[in-house]
Structures are given as C-alpha cells and as structure tokens.
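The values are calculated or read from the model by the stated rules, or taken from the named source; none is laboratory data. The structure presented is a predicted model; accordingly, all values stated were derived computationally and were not measured. All Cβ positions, even for glycine, are placed from backbone atoms using ideal geometry, and neighbour counts span all protein chains on display.
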Amino acid sequence: MSIDFQVVGIESMGEWDFIGSDNNEYTHCFHRYPATMIPHLARKLISRYGGPGMSLLDPYCGTGTSLVEARLAGMKSFGFDLNHTARKISIVKTNTYDITKLDNFIKKITNEIFDLELMELTESLTPDGFSLETIRSWYPDQTIKEILTIIEYLKKFSSNEKINDFALITLSDCLRDVSYQRNNEFKLYRIPLEERALFYVDIKPLYVKKLIRNFNGVVNNQKKLSNKEFLTNTNSKISSKNSVIIKDLKYFQKVDLVVTSPPYGDSISTVAYAQFSWLTNMWFGFDQRTSNALDRDLMGGIVSDKIYLTGCDIIDEAISKIAQIDSKRAREIYSFYRDYKLSIKHIAQKIKPLGYSCYVVGNRTVRGEYLRTDIFTKELFEKYDFEYIGTEIRSLTNTRMPGKISPSGKKGITAPTMKNEYIVICRKLA
C-alpha cells in the first residue's frame, strides 16, 4: 500500500531537537511530570503560527508547557486535562502573583519550618482511602509526620488561594523524593523492603530549596511578561473538559491555534500519568481513587469488547496483525484510537478558519507492529477540512522516557522505546 505522506525538515534534522536547551526557564522549572513537551518546541510552533491577541488551546495540557509559552507570546490560552494534579500544576505555573506577598510568604516558611513541632501519627487525619497502613508502606514514620505537619501549617494561608496552591504544588514535587519510590521511575515501584529501614530524606530543606527555585521562576516569568506588556492582558484557563466527549465542548469558544502533545497510547501501558500523580492526588485529596480508576478516565481507558475499523488503513492493518497474536492487546490499541479519533473530530470543530493544529505525536511499536499515529493524525484532520502542511521530526534525546519496553509482552524480551516524535501540522480551510 502506497501512502502519500510529506515529511518536511528531514534535511535539517536537529532543528527541532533543542539539544542542550534550558527546559527550566520561567515557571517550567516547577514540577516533574512524565513526557512533558519541551518548552522550546512549543515556543517555536507558537512563534510560527500564533501571536499577540490570538488564542491557543492544548486539549491534553499536562503541566501547562504550551500555556506558559502562549502567555509569553501575548496569547490567551486554554488547557484541558483529566488529571487533577496536572491541572493544579498548570494553574500554579500560569497564575499571576503578587510578588511581594509571595516573597514574604516564602521568607516566613523559611524562618519557621525547621522549628515546627511535628504532629504525632495518632493525631493525623489521613485522606479517605489513604490509610495509615498504606502511607507507611510508602514513607518512613518521621517523613509522614513532617508531611502532615507542613500540610497543617500551610492551612493557615488558605485565605490566599494562589499562594496556597503554589505552596502545595511545591510540596507535591518533594513527595516522591522522600518516599520509598524507586528513582527514575514514573510508575509506582518501591525500593526493596530491606532497604527501607535505613531510608530517610529530610523534606524540610528540600521544600525550602524548591520554594526558592519556584519563586525565582515566577519572578523571571512575570518580568518577561511585563517587559512585553503581556502581564495584564493575557491569561490561561485550565479545566477538566474531556475532548472525547462532545458535550464538554458545546459552549467552548473557537481558537486560532492548537499546540498539543497527546498521549502516545493508553495510560496503563505507556506513560504512567495516573501512577505518577497518585501520591499527590491522595495526600492533598485531589482524587482519592486508585490510580487505575484515573487510567480508565483517560483515552482508551474503557476497553472495547470488539474491534472495529478506525478508517485509517495503516492503523487498521496493524491492529489486525496484533489481534492475531494478542486479541486483548489489540482491543486496547483499538480503544485508544477510537477515543483519539473522537477527540480530533471535536477539536477540529473548535479551530477557526485558517487556524492551525500542531500535534506532537509518538509512534509506538506493539507486538512488533509499528503504529503510525502521525499518519492517523494527518488523515483525520484532512477528513475534517484541514490542509496538511507537513510533518517535522524531532529526536527524543532530551525527553524522559523509559529506556526499554517489552513489545512482545514476554518477560525478558525488550526493545528500545521510540526515539522520535512527529510534529503534524495542518491548517483549517477557509
């Protein structure tokens, strides 16, 4: 089967890699998160297809990289995400703060946090579904007391919502560092039981260090916005709208530009957004369900009993071949593309005539079959009255991804994960 598919930028490969770039500028420094978009990638796309006074949407905004960059470009922006932790990080990164009040707040914490009297475990009120027994399987008792004490201390500032959110999200970024969570893992894997008795990381100096880091990020961000005169006439709005469900977008306005990086596949088997966020969601009561419950809300989370055609030949052929080996896995793959197709259909309706869609996608290999999500994305936008501009290729050398996967599903048989992303660029017809 021949596919007419233009890939632009191959001769200058590296142009979109941004190797050596500072990915922690401004408020991008705030919080780790799986598979975040590189700020310079969003910046370059926005500079090409957006501009002051225009509007941007990221329907899978994660921690708000594109939203921060949209404000810096003088655009108002909108972000959707079903993960409460991700939304809260996006809100904190895109808020406008009273710098003096924020500075005074951080100085107060720095002066008082090391002298706080720790709560006893018997005094603590743990969130529903996050029992003391469960917490103890993730943290030393000393650390549990420290976290509970800091949370209780921060409640004093609850009257200032922006500062309170800033403080909580900064604390959130410490939760994995002081837990039994294994280093360099996004999924919920703990260090061996025999290593836990000697494990302890003091959260207090770590928290102060990250508060100062994030404060400096805010100062630099707002200085940049002020210099461009964008501080008061730009904003970001983040919500839990689900682009797969059309009624969620019924009253949503049309935008000039979409810059987004959709999930590479269903959350359970790819990047573990729900597992990564579980500790934060539980400690702060954002989402007190299991991480699997959040996974089911995300694209492909509800697995179809049957496999139907998606309308993209190259994807349908791949799913058919996977089904011959593993019918369950094929249904999971189909379910992701089913939801992704609906999402693109609905988002396409919300882009203004002559507006642009820029989708940064990854092509997975599952059971030996290479899934061309880039072609799937291109063909869908063409179906919904867009012209295809081209596809840029970027290396994933500076993106945090697992080193190896198991494409066959068999223990011990692994292969490298995807090495490239594809930036599929389309324009809405007039």
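Results for (1) farther than 17 Å from residue 348 by Cβ; (2) of a type in the set (Phe, Trp, Tyr); (3) modelled with pLDDT under 95, shown as yes or no for each residue.
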residue	(1), (2), (3)
367	yes, no, yes
373	no, no, no
380	no, no, no
425	no, no, no
430	no, no, yes
Any helices (runs of 4 or more DSSP H) falling wholly within the stretch 240-358 and containing at least 2 residues that are free of Cβ contacts under 8 Å to residues at least 60 places away in the same chain, farther than 17 Å from residue 381 by Cα and under 20 Å from the mean Cα position of the chain (by Cα) | 291-297
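Residues checked against (1) over 23 Å from residue 358 (Cα atoms); (2) assigned by TED's automatic domain parsing to the domain that holds residue 42:
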{"site": "213", "(1), (2)": "yes, no"}
{"site": "228", "(1), (2)": "yes, no"}
{"site": "252", "(1), (2)": "no, yes"}
{"site": "275", "(1), (2)": "yes, yes"}
{"site": "282", "(1), (2)": "yes, yes"}
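Only one of 227, 242, 292 is over 30 Å from residue 364 (Cα atoms) and of a type in the set (S, T, N, Q); which?
Working: 242 fails: over 30 Å from residue 364 (Cα atoms); 292 fails: over 30 Å from residue 364 (Cα atoms).
Being over 30 Å from residue 364 (Cα atoms) and of a type in the set (S, T, N, Q) holds for just one of 227, 242, 292, which is 227.
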Go over the candidates 88, 107, 93 one by one and state the one that is at pLDDT 95 or above and either touching a His at 6+ places or on another chain (Cβ under 8 Å) or not in a helix (DSSP H, G or I) (or both).
-> 93
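Taking into account only those residues within the stretch 222-239 that are part of a strand (DSSP E or B) and among the polar types (S, T, N, Q), which is farthest from residue 92 (Cα to Cα)?
239
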Exclusive hit being modelled with pLDDT of 95 or more, of a type in the set (Gly, Ala, Ser) and surrounded by fewer than 15 Cβ atoms within 10 Å (Cβ to Cβ), set 390, 412, 403 | 390
Which pairs have Cβ atoms under 9 Å, sit 6 or more apart or on different chains, and link a residue in the stretch 195-215 that is within 18 Å of residue 138 (Cβ to Cβ) to one that is among the aromatic types (Phe, Trp, Tyr)?
-> 195/180; 196/180; 199/180
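Working carefully through the options 214, 227, 221, find the one that is under 21 Å from residue 34 (Cβ atoms) and either surrounded by fewer than 16 Cβ atoms within 10 Å (Cβ to Cβ) or touching a Phe, Trp or Tyr at 6+ places or on another chain (Cβ under 7 Å) (or both).
On inspection, the qualifying residue turns out to be 214.
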Within the stretch 67-120, restricting to residues that are basic (Lys, Arg) and buried (at least 22 other Cβ atoms within 10 Å of the Cβ), the one that is farthest from residue 221 (Cα to Cα) is 88
